[in-house]
Amino acid sequence: MRKTLALAGLCLALLASSCDKNQDFAAPQGETVAGLPALPQEHVPVDANGLITVATLTSDKVWLIDGVSYVKPGQTLTIQPGTYLTTGTIKQYNDPAFGLQNVAGVLVVPKTAKLIANGTATAPIVFTSPKAAGQRAAGNFGGIVILGQSTTNKPTSTRIEGIPQPAGTDITYGGSIAADNSGSLKYVRIEFPGYKLDDDNEINGLTLGGVGSGTVLSHIQVSWSADDAFEFFGGRVNADHLVALSTDDDDFDFDFGYTGTIQYAISLKDVNSTNSGTVGNSDSNGLESDNDGTGSSATPATKPVLRNFTFLGVGTSATASSKLKFGNRWRRATSLDIQNSIIGGYTTGVSFESVNTAGTFSNNVVHGYTTTVTGTAPTNYAGNSVGVNASANAFLRLAANPFYPGSSLNVLNLRPLSTSPAYGNGTTTYKGAIAPNATAATVWTANWTQFNPKNY
């Protein structure tokens, strides 16, 4: 990412008079790419407009994504289980709004196109850094952007944030097809993504604009994103079994009328990651949700329906106060429905800021080092266990120190103990993403996730 931004700055300074417009991040043709499987590498073939010209990317190669590469509208791109993809050639774009940009490793699925990226628990599909172990960092890869025709509370011609707009390429999202189908992503890891086009205009790990409920999102991990892990701009897509690890900004971000359901998700902050800020204060949340940027009453109202989430900040009050904002930040007229979840390890657990009073916040366990809940909660606020404690785990009582140690994690540490307010009956009723009776063989993160992505 530093290399990309440095090149962009040089190009602007020299007015592109002597800047190499295409710079290769990859190994020479036929050689392996550092830190990735020992397979031949090949650039994803595209035409002069950046549209991908093949229907399938096979698992016998490491695929390099050059610049911003698009699935052709009306077409389907299939990625085989076990396939690795990474950053290819850095390409320069003269964006009409933001000027010269140098970008690589971004896969875009425009409206009417589809992406079928169905890995398995033992053969996940991995988008990752081209760097060797120990050298990987947020921003080494671009990210995945999916644009659909489902409902939003914005005009249907809304431009998606984060990617430059080459001439003749439609990067808008939204429409009236609630069940629009953009394809299927299962057992997918997206590692070290992120690109900043301009302030408040960034590529996230997985960006979803107006994506419809006909799309399948299941078992997806985003790690070390230079911005958000998952951002939903409107749409009605549902999702399950999501993991956000070590992000710079928010792990889950909802805007512009998103109304889908997400079940079972983990949000883990990292003491070693960077965190975005405003005027010296962190803006990094476990979750952030707005109806829109102005807090208008535009419809449909943003109302994510969330079940069995685990949001964990960091293990000390002093670190949390300097690195993080809120475990959950519900603001700007958003509605909400979050139940059976755990929120802990932040100075303030939950902040309600001018929320839609018709929302629901119930049967959750909330910890805060200083404050558990601030602001005016929605009307349906009941059955929550809240506690302020110098040690988050003293209140949450999970199986072991639950916080991400910055190198790896035993997910079974996230199981509630029988003495925990999250335990329930230990089998069918419990709070959080990991069942109390989960084992190494049965836990839903088994095999496909990676909690040490810098060094595997």
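Just one residue in the set Pro130, Pro164 is over 30 Å from Thr278 (Cβ atoms) and more than 13 Å from the chain's Cα centre (by Cα); that residue is Pro130.
So, Ala422, is that one outside any loop (DSSP other than H, G, I, E, B) and among the small types (Gly, Ala, Ser) or not?
Working: outside any loop (DSSP other than H, G, I, E, B): no; among the small types (Gly, Ala, Ser): yes.
Considered against the rule, which asks whether it is outside any loop (DSSP other than H, G, I, E, B) and among the small types (Gly, Ala, Ser), Ala422 comes out as no.
Checking Ser284, Ser322 one by one, the residue that is open to solvent by 40 Å² or more (accessible area, probe 1.4 Å) and either assigned to a loop (DSSP other than H, G, I, E, B) or among the polar types (S, T, N, Q) (or both) is Ser322 and no other.
Checking every residue in the stretch 250-268 against the condition of being farther than 19 Å from Val305 by Cβ and either part of a loop (DSSP other than H, G, I, E, B) or of a type in the set (Gly, Ala, Ser) (or both) gives zero matches. If you check Val366 against the conditions, is it of a type in the set (A, V, I, L, M, F, W, C), open to solvent by less than 40 Å² (accessible area, probe 1.4 Å), at pLDDT 95 or above and not in a loop (DSSP other than H, G, I, E, B)? Spelling it out, Val366 is indeed of a type in the set (A, V, I, L, M, F, W, C), open to solvent by less than 40 Å² (accessible area, probe 1.4 Å), at pLDDT 95 or above and not in a loop (DSSP other than H, G, I, E, B). Of everything listed in (1) open to solvent by less than 50 Å² (accessible area, probe 1.4 Å); (2) in a loop (DSSP other than H, G, I, E, B), the single unmet condition for Asn393 is (2). Check Ser267, Ser282 and return the single one that is farther than 29 Å from Ala178 by Cα and hydroxyl-bearing (Ser, Thr, Tyr). Checking each option against the conditions leaves just Ser282. For Leu398, the conditions (1) surrounded by fewer than 21 Cβ atoms within 10 Å (Cβ to Cβ); (2) over 28 Å from Gly295 (Cβ atoms) are fulfilled apart from (1). Checked against (1) crowded, with 21+ Cβ neighbours inside 10 Å; (2) at negative phi; (3) in a loop (DSSP other than H, G, I, E, B), Gly432 passes all but condition (2). Annotation note: Cβ proximity below 6 Å between a residue of the stretch 44-68 that is among the acidic types (Asp, Glu) and a residue that is surrounded by fewer than 13 Cβ atoms within 10 Å (Cβ to Cβ) (sequence gap 6+ or interchain) occurs for Asp47/Thr53.
For the stretch 83-115, a residue qualifies if it is buried (at least 22 other Cβ atoms within 10 Å of the Cβ) and in a loop (DSSP other than H, G, I, E, B), and the qualifying residues are Thr83, Gly88, Ala104, Gly105, Pro110, Lys111, Ala113.
Filter the stretch 408-426 down to residues that are surrounded by fewer than 19 Cβ atoms within 10 Å (Cβ to Cβ) and hydrophobic (A, V, I, L, M, F, W, C) and give me whichever is farthest from Gln450 (Cα to Cα). The residue in question is Leu417. A Cβ distance below 8 Å, combined with a sequence gap of six or more or placement on separate chains, defines the contacts here; from the stretch 295-315, residues that are under 17 Å from Ser284 (Cβ atoms) and aromatic (Phe, Trp, Tyr) reach residues that are assigned to a strand (DSSP E or B) and open to solvent by 30 Å² or more (accessible area, probe 1.4 Å) in the pairs Phe309/Tyr264. Here the condition is being free of Cβ contacts under 8 Å to residues at least 60 places away in the same chain, aromatic (Phe, Trp, Tyr) and in contact with a Ser or Thr (Cβ under 8 Å, 6 or more places away or on another chain); of Tyr423, Tyr381, it holds for Tyr381 alone. Has the stretch 73-82 got at least one residue that is outside any strand (DSSP E or B) and touching a strand residue (DSSP E or B) at 6+ places or on another chain (Cβ under 6 Å)? The answer is no; no qualifying residue exists.
Out of curiosity, is Gly35 more than 20 Å from Arg136 (Cα to Cα) and at pLDDT below 90? Against the criterion (more than 20 Å from Arg136 (Cα to Cα) and at pLDDT below 90), Gly35 does not qualify.
The values are calculated or read from the model by the stated rules, or taken from the named source; none is laboratory data. No experiment lies behind these values; they were computed from the predicted model shown. Positions of Cβ are backbone-derived with ideal geometry, glycine not excepted, and every protein chain shown enters the neighbour counts. Only protein heavy atoms, including side chains, enter the accessible area calculation; ligands, DNA and RNA are left aside. Shrake-Rupley method; radii C 1.70, N 1.55, O 1.52, S 1.80 Å.
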